[in-house]
1. With both partners inside segment 328-419, how many of the DSSP beta bridges are antiparallel, as a percent to the nearest 5?
2. Taking neighbour Cβ counts within 10 Å as the exposure measure, how do 375, 165, 394 sort from fewest upward?
3. With a/c under 1.5 counting as rounded, go ahead and sort segment 328-419 into rounded, prolate or oblate using the C-alpha gyration tensor (a ≥ b ≥ c being the square roots of the eigenvalues; past the cut-off, prolate if a/b is larger than b/c, else oblate).
4. Ranked by Cβ crowding within 10 angstrom, fewest neighbours first, how are 317, 94 ordered?
5. Pairs 48/116; 374/396; 65/209; 340/396: which are spaced more than 20 Å apart, C-alpha to C-alpha?
6. Measure off 7 Å from each Cα along the Cα-to-Cβ vector at residue 70 and residue 420, then give the distance between these two points in nanometres to one decimal.
7. Who wins for biggest fluctuation among 74, 100, 201 in a Gaussian network model of the chain, springs between alpha carbons below 10 Å?
8. What helices in the chain pass both tests, a Cα length along the helix axis of 15 Å or more and a mean Kyte hydropathy of -0.5 or higher, using whole DSSP H runs?
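The numbers here are math on the coordinates, done by the rules we state, and not lab data. Bear in mind that the values here come from a model prediction, so they are computed numbers and not experimental data. Glycine also receives a Cβ, built like all others from the backbone with ideal geometry; neighbour counts cover every protein chain displayed.
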Amino acid sequence: MAELIQPVRGMNDILPDEEALWALVESAVAELFERYGYRRIRTPVLEKTELFRRSIGELTDIVEKEMYTFQDRNGDSLTMRPEATASIVRACLSNGLLHNQQRKLWCSGPMFRHEKPQRGRYRQFHQINIEALGHAEPEVDAELIVISARLWEKLGVRMVLEMNSLGTPESRTNYKRALVDYFGKRRSDLDADSIRRLERNPMRILDSKNPAMRELVAEAPVLADYLDSESRDHFECVKTLLSDVDVGFTVNPRLVRGLDYYTRTVFEWISDALGAQSAVCSGGRYDGLVSQLGGNETPCVGWALGVERVIDLMRVSGWDGGDTGPDVYVVAVGSEARRKCFSTAERLRARVPDLTLVMGRPGGFKAQLRRADKSGARYALIVGDDELAAGKLSVKPLREDGAQQLVDFDELVTRLGREVGTTQ
Ligand code: ATP
Ligand code: MG
C-alpha cells in the first residue's frame, strides 16, 4: 500500500462532527456584529511580508519566530497572515475606504503562526476580528468590549475581562526609559530574548512567556504611573461606560499585548478553564497603525478572538457537539423503489425548503432501517413493494412512539412542512 501522507503539524482538519459548534459561533458572530452596524470584509491569506514587519513590529514573537514566510515564483517575499488587523488596514488603504470616512468592519478566517502545537495553540488557527477605523471616541472602545460581552452571553461561556491603558507612544518614552533602567540593572537575570529587546523594545519583556522572567516582570515599574492625562481620561471614560452597562473588568497594569501597534486601551478576555492558553479574545486601540502603513492619521480600535479556544470553552461549559441528525432518512428497497425515491426526494426538497433529507444506501430493509435510526433522523421515509403498489409512501417516527403511516405525497408535504417550518 502507498504510504499515507500526514497532515502538516499543528494544522487541524475540522471534521463534520465538530461543525455544529463552529457554525453556531459563526452565525452568532455574524448576527451580533450586523446588529451593531459592522460590515464584513474578506482579505487574502497572503500579504507582502513587509506589511506584518511594519505593523506588528520587528522585535515581537510573531515577526521574529512565528511567521510563515516564503518567496513566491517572482522572488517576492510573502507571508501567510499571522493576524488580521494589519490586512484589514491595508485593504482599507488599498481600496480608499478611509477617505474622510469611518468604517466598522469584521472578518473571520484562518491565521498562521509557527508556534509549538499544544492545546489551544496551533499553527493554523481561526480568528474572528472586529475593527472600528476612524473612531477616536472612548464610546467605541466600550462598544467593542460590550459586543464581546454579549457574544459570551449568546454562547453561554464565562470569562473575565482585564484591561489596561498603554497611553500614547510619546507618554511611553519616559516609561520605556524607566524599564531600560530597571531591567538593565538586572541584566544577568534576563533571558536571551529579553536582552535583545532591552534597548529597542523593553515593553516586550513584560509580555515574555518565559516563567523564569515572571518575578522580574512583577516588580517592574508600571505604565499607569507614566500615563498622559488625555489617555487617563480616555481610559476612565471607557471604564465608566462599561460599568454603566454592567460589564465587569479588572485593571491589570501589566497587560501590554504582544503586538507593537497598540495605544491607549488594551484588553484581554481570559478563562481559567483552558489550561495554559488562557487568552480567548484580545484587542485594543491602535491609533498609529494606519499612518504607519502610509495612510492619514486614523484612530482605530478592535479585537480578535481565537475560535478554537472559544469552542474549547463552550465544550468545557457543557455544550455537546450540538449535532442532530437529518429530518428524514430514506429507506428504499428494490431498484424500482430506489428510482422512485430519487425523484420523490427532489420534489420533497423543493416543497419543504428547510427540510434535511438523506438518501440511505441500498441494502435489505432491516439494515437500511438500522442505518436510518443510527443517523439520528426524526423520520424514516420508507418505500417498498407495498408502497409502490398503493402509489403511496410510509413515514415512521424514529425518535418518538407512533405508528408507521401510509400517506400520499401531499399529506407528507403538509406533515413535514409543519415539523420543520416552511412549505412552498
Ligand atoms: P497568546 O498569548 O496565547 O500567544 P496572543 O496574544 O499571541 O495569544 P493575539 O495575537 O492577540 O494572541 O490573537 C488573538 C487571539 O487569537 C488569542 O486571544 C487567542 O485566542 C487566539 N490565538 C492566538 N494564537 C493562537 C494559536 N497559535 N492557536 C490558536 N489560537 C490562537
Ligand atoms: Mg502568541
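1. That works out to approximately 45 percent antiparallel.
2. Ordered from fewest to most neighbouring Cβ atoms within 10 Å, 375, 165, 394 come out as 375, 394, 165.
3. rounded
4. Final ranking by Cβ density, sparse to dense: 94, 317.
5. Too far apart for the 20 Å limit: 48/116.
6. My value for the distance between the label points is 4.2 nm.
7. With Cα springs under 10 Å in the chain, the top fluctuation among 74, 100, 201 is at 74.
8. For the chain, where a helix must reach 15 Å along its axis and average at least -0.5, the hits are 19-35, 138-155, 409-420.
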